[in-house]
Amino acid sequence: STRVLTGITTSGTPHLGNYVGAVRPAITASAAPGVESFFFLADYHALIKVSDPARVQRSTLEIAATWLACGLEPDKVWFYRQSDIPEIPELTWLLTCVAGKGLLNRAHAYKAAVDRNTEAGEDPDAGVTAGLFMYPVLMAADILLFNAHRVPVGRDQVQHIEMARDFGQRFNHLYGEHFTLPEAVIEAQVATLPGLDGRKMSKSYDNTIALFAPREQLRKLIFSIVTDSRAPGEAKDADASNVFQLYQAFASDAETTAMRTAFADGIAWGDAKQALFERIDAEVAPLREKYEALMARPADIEATLRDGAARLRERHATPALKALREAVGLRDLS
Ligand code: ATP
């Protein structure tokens with residue numbers, strides 16, 4: 001079977017971008033025959049960006065409830081919290097010792113921080129933690145521990161998958177064929193959703209529309225999307241519009257074509273936003289109901305996560321680390 005791995009960082013409340021870019025396609029893909037899916041809550045990754053423990057805990061619960069509300073079946077897929085698997089940070093160290101520092105210097109997230117500092121005339125590494133620098137190694141461990149074949153990602157993450165391949169290859173070269181080299185899968189039809197301010201919707205930018213915001217709040221958030229000042233009756237450029245991009249991610253092809261025409265015909269922003277709100281709410285409302293029921297029973301979510309991690313450790317993680325420790329010359333812990 002093909003192993004497919006998807007993680008979401010527990011750095012905040014899940015949003016429409018996480019749904020369209022990760023949750024919805026991953027759950028659809030998991031139903032295909034011959035697919036073994038790994039869905040995880042990336043809480044070690046969250047610590048790179050968030051130092052608010054309550055936020056990380058709340059986000060963990062919210063993201064778990066989101067996966068479950070959207071149809072993840074915990075008996076049919078691997079569903080776990082990253083930090084419940086101690087073999088992940090252990091593998092991270094083994095990979096750190098084969099990871100080229102020069103390669104990490106070129107990682108996008110780190111380079112972006114250095115470039116920002118340099119432009120501002122500061123020390124290039126000001127405020128940059130080793131966690132941000134090492135993030136691709138942790139991500140490689142997430143993937144290589146389970147010998148995942150495919151990792152669906154946005155374009156900006158392709159480089160990190162290539163790094164995982166590089167670290168895995170070096171390890172295999174030194175210690176024997178332990179790792180399957182993963183492939184990035186760029187889902188061309190999956191859009192990157194813009195946030196309220198027009199930048200990429202991201203938990204880190206606080207520009208998100210929460211996936212399960214209560215109905216009235218969803219409406220308010222959608223009406224607060226930044227638009228240009230074109231008046232009703234004036235033609236509007238669909239391709240340059242955040243409202244249109246969001247609409248497209250939730251509408252059928254026929255609805256999208258009709259909306260494109262409405263933009264050219266000068267639909268009022270208020271009407272476009274109302275249509276967007278109704279389209280999103282129609283898809284999300286039944287899921288929201290399930291989400292709210294799940295969030296009312298946090299102990300059940302916790303039990304599901306612990307059970308998933310325990311089974312995954314027994315089946316994959318613990319035996320994998322046993323073999324890897326032996327391969328590099330460390331003592332057998334079992
Ligand atoms: P953070 O700011 O903490 O990185 P994020 O909200 O940008 O959070 P992640 O948790 O890193 O998102 O990503 C989880 C998944 O959601 C990934 O598969 C990512 O591609 C997808 N995703 C995140 N933001 C968007 C977006 N704006 N549009 C489409 N997909 C997105």
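Readers should treat all values here as calculations from the given coordinates under stated rules, not as data from a laboratory. Since we're looking at a predicted model, the values are computed, not measured. All Cβ positions, even for glycine, are placed from backbone atoms using ideal geometry, and neighbour counts span all protein chains on display.
Odds and ends about this structure:
- Under-5 Å amide H pairs with residue 2, H placed in peptide plane, nonlocal only: 35, 36
- Shown for 6, 261, 192: other C-beta atoms within 10 Å of each C-beta, ranked fewest to most, produce the order 261, 192, 6.
- The radius of gyration of the Cα set in the chain, together with its Dmax, comes out at 21.5, 74 angstrom.
- Between amide H atoms placed 1.01 Å from N, distances below 5 Å from residue 183 occur with 150, 151, all of them 5 or more places distant or on a separate chain.
- Approximating the spin labels as points 7 Å out from Cα along Cα→Cβ, the residue 281-to-residue 295 distance works out to 1.7 nm.
- Taking one quarter of the surface of the C-alpha convex hull of segment 233-286 gives a mean projected area of 3.3 nm².
- Relative contact order, whole percent, for the chain stands at 20, derived from Cα pairs under 8 Å and 6 or more residues apart.
- Residue exposure proxy: 181, 330, 312, ordered by other Cβ atoms within 10 angstrom of their Cβ from fewest to most, comes out as 330, 181, 312.
- Exposure proxy order (Cβ contacts within 10 Å, fewest to most) of 177, 302: 177, 302
- Helix 130-144 and the long axis of the chain differ in direction by around 80°, with both axes built from C-alpha atoms.
- Taking Cα atoms only, the orientation of helix 87-96 departs from the longest principal axis of the chain by about 80 degrees.
- Part-to-part distance (alpha-carbon centres) for segment 113-141 and segment 205-233, which is given in Å: 32
- Spatially, segment 38-107 and segment 304-326 are offset by 15 Å when compared through their Cα centroids.
- C-alpha long axis of helix 298-312 to longest principal axis of the chain, angle in °: 40
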